[in-house]
Amino acid sequence: MFKRQIILLLLFFPVCLSAQQKEISVRVHNQPLSKVLVNLRDKHAIRFSFDDNLLSQYKVTLNKTFTTPESAVRELLKPFPLAFSRQGDVFVIWEKAGRPVTHGRFYLKGYIKDDKTGEPLAFSHILTNEKNTVSDVEGYFSEIVSHDSLYHLIISHLGYYILDTLLSPENMHVIRLSPSSVRLQEVKITGKAIDYVSQIGQQPGIIRLNSKVATHLPGYGDNSVFNLLRLQPGILASGEQTNSLIIWGSYTGQSKVMFDGFTVYGLRNFNDNISSFNPLMAKDIEVMKGGYDARYGERVGGIVNISGITGNTKKVSFVLNVNNMTLNSLLEIPFKNRSALVIAFRHTYFNLYNPSDYTLHRKDTAARPADISIHVVPDYVFRDMNIKYSGLTGKNDHYYLSLYGSNDLFDYNINQVIQFRKILKNTQEENTQTGGSFFYGKSWKKGASTNFLASFSLLQKKYGSDYRRIKTWSGVVDTLDKTLSHNSLSELTVKADNRFPVSAHHTLEFGGGLIANSSYLKVDTFDVAMSDINVSSSRAFAYFQDVISAGKQFTLKIGSRMTYAFNLQKFYPEPRISAIWKPSEKWTFTLAWGLYNQYVAKTSVVDNQGNYRYLWAVCDNKDIPVLKAMHNVAGVSFAKKGYIISLEGYFKTIDGLSRFFRYRNIVTPGIYHGKGRSYGLDLMLKKDYKGSTFWVAYSLSRTEERFDYFPKRLRKFRRAPQDQRHEVKVGVMVNLHPVYLSANYVYGSGFPIAYNQGQKIEKNYPYSRLDVAASWKFLNRKLKGEIGLSVLNVLNTQNIKFSNFEKVPLNQTSSINIYAEAIPFTPTLYLKLSF
């Protein structure tokens, strides 16, 4: 069992170097050795790692002066059965074994958990004498070591104090980390370092985010997860596209968002107010922008993997959050300290939008643009619920059952006279998302582990559009559009992931499973059935990868993923390779390459006015080809004294794009296919200091496409709809506990907006938004509270939402562009109570 140890990690006095050059005097009489070492820490900034209970048993009497820390430590330990080694600038002290150290194969393993709630801490970093390791989704880690003596470990997790400790092999350890955001005023933790907002540059294409700090960012509170995501390099923030993340130039639907192992396809989320994820349920956020390993597939873009909380196993707790729009609540109920039930619920409590004026633009053959103001009355209802039961069984085996359901309804009406014509337009969209997963994690005796997961997900989208134009002088009614559509996509997955340490520097990871998708599409136009398609697809997949490490400096992953599509009767190999080289503690170099396939696609549909809509479909390699992509990723990062500089480049190609055209003015209606490519650079500069963080992220990118409907003389790569050249993000979070201040600014150079008679209009609409926020925690022993104020778009800059742009005809020569303006100047207020 894991012995409780108090590790003194000492980082005081910035004049550490000059202090160590002075003489070290030890004048003590019959004092515990642990106390003597603490005094040396305070006076000379010498760092130690030891078992406090062990060293307090030994009494020291000494009066002597030393010229170096090594000589002082050696003299202090000389009378006792203790030994030490220096690892970096830390003196690690342990008890000499009563028997010789045995060399061979031993297993260093354990679970990492939250000290307050018992929550497993997924993807924690473990640095040992011999290598680096990352825990799995349930906080479990294991590695083979070469002898059975004590090992020095440094364990870190975003948002928690770093633990410096000693562990012995063979026992199953339970290691508890203390959260850096301590709720009770009476509790103070000093002398320890903290992991802050994000980890970047340590693995190719991967960012890990601290969900605990997301609540301090400006926003409504219900979208804090996506607020944090949008401020990372490589993730599009301009245009406020949150219901389908655009990562490294990927098209909508090509990036995957997972919660507790099941896919979330995204809600309408019309104006960036409410995200698909309840922030009270989020625990760990891992962003894989590209070049990810063979364990992950089914997408040609990026993957965002969010792990939900497992619940407080120690006491009943309740959280209530109220903001301008929604009520959000969370209830945690423990059962016998080994399991917990979590229930979370959100609901809008009044109409989200007030009637507002939108500025519309008309262009005619005379090329005389005129602004037209149309009164739009939107209506919006949103609700969702999470239910999760998780616990322990057997000897630390973990399990959970997670369920999710949500409904999002949006519609707007236009009823206004323009140029002697009365415009009547009604648009409605309803999205229903359900999902769930069952997980069981088993740890074996020899350090191996198996994770079993069964999950399902279902998205249903209903869309209706009715557009009529009445000539006021004659009363003649022209019905220009009457469309009803129903689109659904389901996914059922059963899989098992295995991890088996072979040697101290060699680990095998392998697994496989089954995936079944079904898509349904029905479209009626003017009461005539245009489409009625129901397609299913099932696939078997297996993967294998070898993780080879050469100490702490080099890690190589070589693997492949193989998928067999039953409906296509075809194998799809996906080889992957990645490497991490750390020549020193400060520098990290990363490389990754891989092939990726996607078997369901979100196909773009272009109507007679050039408007884009997106529908899900199962790939059949006829109308909808299987998407194929190649990722190339390379990066370098530098970290020192809280500073992080990360530079990452990528080049991606994609084949199998599909686009359905109903735009008769450009091409013959039908389905067309194309290719795409994207490349760019992400730069991240970040400084962490005493709980506060400042960062600057810059993305330089280009995304291009080439379709077979392009005119032959112009059939070359041109800008894709989501292409944007420059994006800059600046963020700052100041921890003045119990007061927190934050601000962020986003600038984007803009997207190409429209096509005209086959000729692309290269007009960009830049994006600019400044947000600020302040929050205050008022605490006592039982009831905890937090109140926050945010001001979004402080400068009231007019921006256009990328996903809400619509063109409707007015007459033979004029049309109206209807676009939803992004968030204007908006103050928001939230109150959070918990016990």
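List of remarks:
- For the listed peptides 588-599, 287-298, a ranking on the average number of other beta carbons within 10 Å per residue, highest first, reads 287-298, 588-599.
- The distance separating the Cα centre of the range 694-715 from that of the range 481-547 comes to 27 Å.
- Three-way shape label, the range 16-95, alpha-carbon gyration tensor, a/c 1.5: oblate
- Per-pair calculated FRET efficiency, R0 = 60 Å: Met172 and Asn415 via Cβ, rounded to 0.05: 0.30
- Sequentially through the range 296-310, phi angles give Karplus couplings (6.51, -1.76, 1.60; θ = phi - 60°) of 10, x, 6, 9, 9, x, x, 9, 10, 10, 10, 9, x, 5, 9 Hz, Gly and Pro residues having no value and appearing as x.
- For the range 16-95, the dipole from Cβ point charges (+1 on Lys and Arg, -1 on Asp and Glu) about the Cα centre works out to 240 debye, to the nearest 20.
- The range 562-634, dipole about Cα centre (Lys/Arg Cβ +1, Asp/Glu Cβ -1), debye to the nearest 20: 180 debye
- Test item: Cα-centred dipole of the range 103-177, Lys/Arg +1 and Asp/Glu -1 on Cβ, debye: 20 debye
- Computed from the Cβ-Cβ distance with R0 of 35 Å, the FRET efficiency linking Lys315 to Tyr689 stands at 0.55.
- Other-chain or far-sequence residues with amide H under 5 Å of Ile418's (modelled H): Ile423
- Mean Cβ count within 10 Å, highest first, over the residues of peptides 26-33, 444-451: 444-451, 26-33
- Computed 3J(HN,Hα) for the range 695-711, one whole-Hz value per residue from the Karplus formula 6.51 cos²θ - 1.76 cosθ + 1.60 where θ = phi - 60°, is 8, 10, 10, 10, 10, 10, 8, 8, 10, 10, 9, 9, 10, 6, 8, 4, x, glycine and proline marked x.
- A cut-off of 5 Å between modelled amide H atoms, ignoring neighbours fewer than 5 places along the same chain, links Ala720 with Thr703, Glu704, Glu705.
- Stretchable slack from Glu585 to Lys445, in nm (0.36 nm times residue separation minus alpha-carbon distance): 47.1 nm
- J(HN,Hα) series, the range 41-58, from Karplus relation 6.51 cos²θ - 1.76 cosθ + 1.60, nearest Hz, glycine and proline x: 4, 5, 8, 10, 6, 9, 9, 10, 9, 7, 8, 5, 5, 5, 6, 5, 6, 9
- Annotation: for a label point projected 7 angstrom from Cα along Cα→Cβ of Gln553, residues of the range 108-138 with backbone N closer than 20 Å are 127-133.
- Cut-off under 5 Å, modelled amide H: who pairs with Ala45 long-range: none
- Signed unit charges on C-beta, dipole axis of the range 441-557, positive-most listed residue Val476, Leu514, Thr555: Thr555
- Spin-label pair Asn30/Asn396, simplified geometry with 7 Å Cα→Cβ offset, distance in nm: 4.2 nm
- Pairwise label distance in nanometres, Thr65 with Ile343, each label 7 Å out on the Cα-Cβ vector: 7.2 nm
- Fewest-first ranking of Thr668, Thr393, using other Cβ atoms within 10 Å as the exposure measure: Thr668, Thr393
- Computed on the range 482-567, with alpha-carbon pairs under 8 angstrom and 6+ residues apart, the relative contact order is 27 percent.
- Ordering 202-209, 52-59 by mean Cβ neighbour count within 10 Å, with the highest value first, yields 202-209, 52-59.
A short reminder: the numbers here are calculations on the coordinates, not readings from a lab. Keep in mind that this is a model prediction, so the values were computed, not measured. Here Cβ is always computed from backbone atoms with ideal geometry, including for glycine, and neighbour counts include all displayed protein chains.
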